[in-house]
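The values are calculated or read from the model by the stated rules, or taken from the named source; none is laboratory data. Keep in mind it's a predicted model, so treat the numbers as computed, not measured. Neighbour counts are summed over all protein chains in view; Cβ atoms, including those assigned to glycine, are modelled from backbone coordinates with ideal geometry. All accessible areas refer to the heavy atoms of the entire protein, side chains included, with ligands and DNA or RNA removed. Shrake-Rupley method; radii C 1.70, N 1.55, O 1.52, S 1.80 Å.
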Amino acid sequence: MSEKRVTDRDLALANEPDPYVIATEQAQPYNTPDLKLTKGLTYVRDGKEIAVRSAIDTMVFCADPTCMEVDGRLYMYATLDQRSYTNEFDENGRAVKCTNDPKGGSVLPNRYQTKKLAIYSTTDLINWTDEGVIDMDKVYSDAGVAAGSAWAWNSWAPTALKYDCDGDGKDEYFIFFTNGGNVGYVKGETPTGPWKDELGHLLIVKEEIPNGMGDNIIWNFDPSVLMDDDGQAYIYWGGGNKPGPEDAKHPKTSRACRILIKPDRVEMDWDTLTELDAYYMFEDNEINKFHGKYVYSYCANWNVPADNPFIKDGAAVSIVAYVSDDPLKITSDPENLRDGQPKFLGAVLKNPGEELFDEWYNNHHHMFEYKGKYYILYHTTALDQFLYKDFYQKNDKQSMSYRNMHVDEIQVEKDGDSLSIRIQPTYEGPAQTDNFNPYGKINATTQSHQGGLTRKILEDGTVVVDKIDTGDWIRLDNVDFGTKGAARLEMSVASETDEGSIEVYLDEALTGTRIATLPLQKTGVDRFAILAADLADVTGVHNLYFVFRGTGYNVATWEFIEK
């Protein structure tokens, strides 16, 4: 007797309601004297509840990271994991049509439907700001056609590059990504846009790759770019494997090529096209240059034997890497290695499902150097498991596959002519690189940790804190008010009600020093007004908490005014 197949209808009906909304009957009165804080992201392992501080943002789902540094600020770009909804099923219980609109029915496990890339920024790797999205339906070519309708059917797995392509002394910003089957790019005037579809079409189409070099690529996606020290730029892409043992071991489905970045377009230098024989390649091409060495890394496929002596204890779907002296001769066969060939490092990052979160999945990552140290971005399903607990437990500890981003410090060391990379993912994340400066207008989504909140993007692109309930909170770490101190706090808030307030604490929420209480004003949902409070004795370095009472309001910015 066969087991009953779980259908989309079963999965949709099993799901919880919007996890960011507290039902009226469960909500705390806004003026309760016994306020309880909403729980922030935690994970239970071996019976112990652990705060997950390595998570970059817990207001939305995102995956497939990349980043670049601009004037000391780090900008991260990622696939925005928009939730898929449906209320239409066929007679077999399969979803007929899915939408990203929450009004479209019940939420389904991830269908990877998105035309948006997320943007975040930080100056310290702990406090991150949601900078909004690149919406391909709002990125136009010179012909006035949106990329989202011309070729960007999806926007997955971005890679970022900055370069002064027109010689005016100012960098332009390029975001390459896959539409699900091929590779294109958009170009920005700043790291956060505005963005333009410069070509008006794809950059790399599988069927158009010369000399039949596209034929063996299974997935013509997951690009990564490198601007070398000599001004030459390179792109790496491709992936997939067939199930046979030899095909799994040597898929030969990834490619590398030089690219030419001109003032009005990016071109492929097809004369340099190279087939990569990446050992157990699956997806997630990444390229770096550390200590003068080229590091090519990717996600190994599901067919790696557990006892493989070259990938070793990382085994299947771990991140593996090569080290080379040549940006195009970047791979080798570790089982038949000859002198002078690129060195295979094996697994540098075990699958986070094994290390931290008990759910295995193919991973994407990005390694980078920032302020003299080395770090890695990677995604997990920790937030999904946390928000959709019932679904996770009812479905044999399989999440809905919505991803969230993490960052950790790594060790990259050169010893003579060899390079080593050591990565240990953690719940805690890296040490903060700098104290946070609270002076100047700060987007209210900026946080190191938070409980209960999400964000909304207004028509003009402004990103605001949304779905606020009594007990929700935001924390920022190591905020430096200086020796002069802060004289005043101003917050930009739009509210449907005056029943509520925002309380501001130093060091600890509720039990720390409360420095301000800002009562809500009924401004209307679309009109932001300044709520302000004068301050006394706010100096030095503290963790900062905003604790919210009431519901039906959004917060856009906050600003401390220095004495």
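Computed quantities for the displayed model
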item: The range 174-210 versus the range 467-532: alpha-carbon centroid distance in Å; result: 40
item: Asp537/Lys397 FRET efficiency (R0 45 Å; Cβ-Cβ; nearest 0.05); result: 0.35
item: Relative contact order computed over the chain (Cα-Cα under 8 Å; 6+ residues apart), in percent; result: 13
item: Karplus-derived HN-Hα couplings along the range 178-195 (A = 6.51, B = -1.76, C = 1.60, θ = phi - 60°), whole Hz, x at Gly and Pro; result: 9, 8, x, x, 9, 10, x, 8, 10, 10, x, 7, 9, x, 10, x, x, 10
item: Counting DSSP beta bridges with both ends in the range 400-507, the antiparallel % (nearest 5); result: 95
item: Those residues of the range 123-160 whose amide nitrogen sits under 17 Å from the label point placed on Thr426, 7 Å along Cα→Cβ; result: 124-127
item: Approximate shape of the range 43-115 as ellipsoid semi-axes (Cα gyration tensor, √5λ), whole Å, largest first; result: 32, 21, 9
item: Cβ-Cβ FRET estimate between Lys373 and Glu91, R0 fixed at 60 Å, reported to 0.05; result: 0.60
item: Cα-projected label distance for Glu335 with Arg527, points at 7 Å along beta-carbon direction, nm; result: 7.2
item: Most to least accessible of Asp526, Asp64, Asp166 (protein chains only, probe 1.4 Å); result: Asp526, Asp166, Asp64
item: Whole-Hz couplings from phi, Karplus 6.51/-1.76/1.60, listed for the range 220-235; x for Gly and Pro; result: 8, 8, 6, x, 9, 10, 9, 9, 7, 4, 8, x, 7, 10, 10, 10
item: Unsatisfied cross-links (Cα-Cα over 23 Å) in the set Lys350/Lys373; Lys249/Lys312; Lys196/Lys329; Lys252/Lys312; Lys289/Lys373; result: Lys196/Lys329
item: Cα point-scatterer Debye curve for the range 391-547, base-10 log of I(q)/I(0) at q = 0.10, 0.13, 0.15, 0.21 Å⁻¹; result: -0.52, -0.79, -0.96, -1.44
item: Efficiency of FRET between Lys563 and Thr190 - r from beta-carbon atoms, R0 51 angstrom, step 0.05; result: 0.95
item: Lysines with Cα under 17 Å of Lys441, excluding same-chain neighbours fewer than 8 positions away; result: Lys563
item: Average projected area [Cα convex hull, the chain], square nanometres; result: 29.3
item: Chain lengthening between Asp168 and Asp498 when straightened (0.36 nm per residue, less Cα-Cα); result: 113.7 nm
item: Estimated distance in nm for a label pair at Asp390 and Ala143, the labels positioned 7 Å out from Cα along Cα-to-Cβ; result: 4.9
item: Accessible surface of the chain, 1.4 Å probe, proportion on carbon and sulfur as whole %; result: 45
item: Rg(Cα) / (2.2 N^0.38 Å) computed for the range 190-283, rounded to two decimals; result: 1.20
item: Heavy atoms of Glu275: accessible area, 1.4 Å probe, square angstrom to 10; result: 80
item: Å² of accessible area per residue within the range 448-528, as computed with a 1.4 Å probe and no ligands counted; result: 41
item: All lysines inside 19 Å of Lys48 as judged from Cα atoms, apart from same-chain residues fewer than 8 positions distant; result: Lys39, Lys389, Lys397
item: Cβ-based net charge around Tyr120, under 15 Å, with every Lys or Arg adding one and every Asp or Glu removing one; result: -3
item: Summed side-chain charge close to Lys563 - residues other than Lys563 whose Cβ falls under 10 Å, Lys, Arg +1, Asp, Glu -1; result: +1
item: Zone residues, the range 234-262, relative to Asn211, backbone N less than 13 Å from point 7 Å out along Cα-to-Cβ; result: 256-258
item: Relative contact order for the range 32-116, counting Cα pairs under 8 Å that sit 6 or more residues apart, in percent; result: 20
item: Positive minus negative residues near Lys371 (Lys, Arg vs Asp, Glu; Cβ under 12 Å); result: -3
item: Label-zone membership for the range 440-456, site Asp18, 7 angstrom Cα→C-beta point, backbone N under 11 Å; result: 454-456
item: Accessible area in the full protein assembly, largest first, 1.4 Å probe, for Lys394, Lys293; result: Lys394, Lys293
item: Sequence of Phe436, Phe481 from largest to smallest accessible area, 1.4 Å probe; result: Phe436, Phe481
